Every structure is written in C-alpha cells, then in structure tokens.
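Q: Structure below; questions to follow.
The values are calculated or read from the model by the stated rules, or taken from the named source; none is laboratory data. Note that the coordinates shown come from a computational prediction; the quantities given were computed from them, not determined experimentally. Virtual Cβ from ideal backbone geometry, glycine too; neighbours counted across all protein chains shown.
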C-alpha cells in the first residue's frame, strides 16, 4: 500500500465504497485501492463495516470516509472534468445524472451522493480564456445551459 502525500478526503454517510466503485468505473486514469474495515464494533457500526476506501479518480488520489450523516457535500467542493467532445461530455453527464444525480447550471451536476461535478468541455475553457467578445459570447451562451452544448459554444465563439 502506497499512501500519497496529499489526498482528498470525501465524507460519505455509509456508501464510500459504492461511490468509489462508480467513479473509478466511469473515468479514465482511475482505480480502486484498499478497503479498510472496522476491526471491532464501534459506537456507530459493527466489526467488518467499511470505514474508509482509497481510490484514484481521474488521476486524483482520494479517501472515501464513511463518517455518518454529520456532514454533507456542497458545491464548495467539486471535481472539474475536462472533456474533448460532446460525446464525452454526454457520457459523463448522463452517467452522473442518470444514476440518481441531478442537473444544475453551467455544466455542473451532482451525483446521487451529493458530490458536485463540473463537466467542462475544453472548448468552453478555451473560449473563456480568450476573453474579449469571444469570451463574453461563450459566457453568455454557457449561462443559458445545464449540460454544456459544444456546438453552441463553438457557434458563440464565432459570433
């Protein structure tokens, strides 16, 4: 077992392993790591319950912690996944939203565990970085969207 120097810890009620398996099955450069189980009964669980799970999602090392219902995810933390095509954007968006998640605005969505994701086509990031009228047009187009429409962003870039 190799422990990374810096790991993102994601707090779940009790479904850290299920979430980790979903994320690692969806995104490239992802892998399951170790599943750590309680060696004895404890105040909110039993021996054998999953306590933590290590995993990598899109190259980012994570630790899923089954900490109970004390804390909830919020938009203050999100994963931003850069996509290259509409098909890739659709695949991630549809998997997250279609698996009990929900749509939000401007390329944001939440998975069924409440974790926020930004599914962001590179063409949008490039247009915003270009600034000027091109960036403004792309920004205005994005503000009308839930899932990002690559063709609409490209059209907005061209004016």
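Q: Taking region 127-138, which residues are closer than 22 Å to residue 90 by Cα and touching a residue at least 24 places away in the same chain (Cβ under 8 Å)?
A: Residues of region 127-138 closer than 22 Å to residue 90 by Cα: 127-128, 138.
Selection gives 127 alone.
Q: May I pose another question? Could you tell me how many of the residues in region 27-64 are modelled with pLDDT of 95 or more and either assigned to a strand (DSSP E or B) or within 24 Å of residue 118 (Cα to Cα) (or both)?
A: Total meeting the criteria: 26.
Q: Continuing with the same structure: Only one of these is surrounded by 14 or more Cβ atoms within 10 Å (Cβ to Cβ) and within 30 Å of residue 14 (Cβ to Cβ): 62, 106. Name it. Give the derivation first.
A: Numbers: 106 fails: within 30 Å of residue 14 (Cβ to Cβ).
Within the list 62, 106, the selection yields 62.
Q: Could you please tell me which pairs satisfy a Cβ distance under 8 Å, a separation of 6+ or placement on different chains, a first residue in region 14-26 that is closer than 20 Å to residue 93 by Cβ, and a second residue that is assigned to a helix (DSSP H, G or I)?
A: Qualifying pairs under 8 Å: 26/92; 26/95; 26/96.
Q: Pull up region 73-102, narrow it to residues that are assigned to a loop (DSSP other than H, G, I, E, B), in contact (Cβ under 8 Å) with a residue 24 or more places away in the chain and touching a strand residue (DSSP E or B) at 6+ places or on another chain (Cβ under 8 Å), then point me to the one that is surrounded by the most Cβ atoms within 10 Å (Cβ to Cβ). Let's see the steps before the verdict.
A: So in region 73-102, the residues assigned to a loop (DSSP other than H, G, I, E, B) come out as 73-77, 84-85, 99-101.
From the residues that got through so far, the ones that are in contact (Cβ under 8 Å) with a residue 24 or more places away in the chain too are 73-75, 77, 84-85, 99.
From what is left, the residues that are touching a strand residue (DSSP E or B) at 6+ places or on another chain (Cβ under 8 Å) are 73-75, 77, 84-85.
Values: 73: 16, 74: 11, 75: 12, 77: 10, 84: 11, 85: 12.
Out of the qualifying residues, it is 73.
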